[in-house]
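What follows is a set of notes on a single structure, which appears directly below.
The values are calculated or read from the model by the stated rules, or taken from the named source; none is laboratory data. Because the structure is predicted, anything quoted here is derived from the model rather than measured. Positions of Cβ are generated from backbone atoms using ideal geometry, with glycine treated the same way; all protein chains shown enter the neighbour counts.
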Ligand SMILES: COc1nc2nc(N)nc(N)c2nc1C
């Protein structure tokens with residue numbers, strides 16, 4: 001039985017990674033369900049073999065009394081905003097003044113969700129927390145374990161903290177509100193509120209039923225010192241098995257950044273999730289360090305906000 005588990009669990013993890021993290025299924029749903037049922041059967045016959053990070057251990061049984069408080073190792077910051085082209089140009093001027101003309105901008109979609117911190121020790125998920133007030137958040141590990149695009153075990157046994165955005169896809173939001181309407185319950189105003197309400201629910205079975213998803217955009221440290229830019233950082237985050245947003249691009253000219261912003265302002269309704277803007281970051285870590293932070297936000301990044 002142990003031998004079979006030792007090949008079955010990695011196989012199920014691989015297919016789950018392809019389906020939930022890469023959005024690129026490697027087997028049919030039926031074939032996956034068959035593997036999963038075999039795992040459940042073996043674990044029910046040999047419960048002593050059940051590992052805490054087994055794919056079957058995502059949804060805890062009991063309802064929580066409340067959420068523990070968590071102090072973040074480093075503050076979860078916010079972003080300075082720009083609402084028009086002039087304010088974006090002003091950001092570029094500040095950047096050039098600080099680090100000179102040789103600068104590249106890493107552009108990312110700003111997902112309209114909830115900021116979260118994920119901690120992995122030796123590749124295993126040990127803690128998930130909300131941003132809270134930036135210093136103190138809430139421990140939502142039980143709920144996060146029920147979000148299938150978030151791996152319980154990474155591809156490599158790294159010890160890191162990853163930060164990103166948990167969100168509810170538009171389709172999940174629409175069908176959730178449809179179900180609530182049929183049940184005579186109040187509706188969620190938007191996908192962000194639906195995601196927040198789901199993460200605040202004390203019963204992980206509720207989270208498991210609602211298809212939340214996630215995009216990670218930073219780590220607190222990178223084991224391979226080959227990571228010296230945001231572009232390389234996201235590549236590393238992909239390689240360890242965490243989900244990142246693929247619409248990212250690097251530009252050297254602000255004119256191209258502006259085109260990128262205009263493109264997504266025009267096409268945001270075609271995306272399967274809601275965005276509220278674009279985040280523009282100085283790409284090189286050495287230049288980020290040279291610019292530093294205000295009390296609240298990095299000086300080397302700006303959020304260009306779309307009109308609501
Ligand atoms: C570096 O700090 C940040 N980076 C971010 N990146 C993206 N894509 N989206 C965010 N919401 C975000 N927020 C913060 C504080």
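Descriptive notes on the structure:
- Members of the stretch 98-119 found to be part of a loop (DSSP other than H, G, I, E, B) and over 12 Å from the mean Cα position of the chain (by Cα), listed by number: 100, 101, 102, 103, 104
- For the stretch 252-288, the set of residues classified as free of Cβ contacts under 8 Å to residues at least 60 places away in the same chain and within 13 Å of the ligand (Cβ to nearest atom) consists of 285, 288, listed by residue number.
- Looking across the stretch 61-73, the residues that are under 21 Å from residue 137 (Cα atoms) and either modelled with pLDDT under 95 or more than 16 Å from the ligand (Cβ to nearest atom) (or both) come down to 63, 64, 65, 66, 67, 68, 69, 70, 71.
- Condition met for residue 244 (over 24 Å from residue 91 (Cα atoms) and within 12 Å of the ligand (Cβ to nearest atom)): yes
- Some residue of the stretch 43-58 being crowded, with 18+ Cβ neighbours inside 10 Å and more than 25 Å from the chain's Cα centre (by Cα): yes
- Residue identified as in contact with a strand residue (DSSP E or B) (Cβ under 6 Å, 6 or more places away or on another chain) and at negative phi among 227, 257, 206, 282: 257
- Each residue in the stretch 232-257 was checked for being in a helix (DSSP H, G or I) and either out of contact with any helix residue (DSSP H, G or I) (no Cβ under 7 Å at 6 or more places or on another chain) or farther than 21 Å from residue 100 by Cα (or both), and 11 of them qualify.
- Residue match in the stretch 296-303 (condition: more than 13 Å from the ligand (Cβ to nearest atom) and either touching a residue at least 12 places away in the same chain (Cβ under 8 Å) or farther than 22 Å from residue 228 by Cα (or both)): no
- Inspection of the stretch 216-225 identifies at least one residue that is closer than 30 Å to residue 62 by Cβ and surrounded by 18 or more Cβ atoms within 10 Å (Cβ to Cβ).
- Across the stretch 120-134, a minimum of one residue is classified as modelled with pLDDT of 95 or more, under 12 Å from the mean Cα position of the chain (by Cα) and more than 16 Å from the ligand (Cβ to nearest atom).
- For the stretch 74-93, a residue qualifies if it is surrounded by fewer than 18 Cβ atoms within 10 Å (Cβ to Cβ), within 17 Å of residue 283 (Cα to Cα) and within 16 Å of the ligand (Cβ to nearest atom), and exactly one does: 80.
- Which numbered condition residue 79 misses (of (1) in contact (Cβ under 8 Å) with a residue 40 or more places away in the chain; (2) within 20 Å of residue 58 (Cβ to Cβ)): (2)
- Among (1) modelled with pLDDT under 95; (2) under 16 Å from the mean Cα position of the chain (by Cα) - the single one residue 272 does not satisfy: (1)
- The set of residues in the stretch 20-39 being surrounded by 14 or more Cβ atoms within 10 Å (Cβ to Cβ), free of Cβ contacts under 8 Å to residues at least 24 places away in the same chain and in a helix (DSSP H, G or I) consists of 32 alone.
- Any hit, the stretch 204-212, residues being within 11 Å of the ligand (Cβ to nearest atom), outside any helix (DSSP H, G or I) and buried (at least 18 other Cβ atoms within 10 Å of the Cβ): no
- The stretch 103-119, residues that are closer than 30 Å to residue 93 by Cβ and either out of contact with any helix residue (DSSP H, G or I) (no Cβ under 6 Å at 6 or more places or on another chain) or more than 11 Å from the ligand (Cβ to nearest atom) (or both): 103, 104, 105, 108, 109, 110, 111, 115
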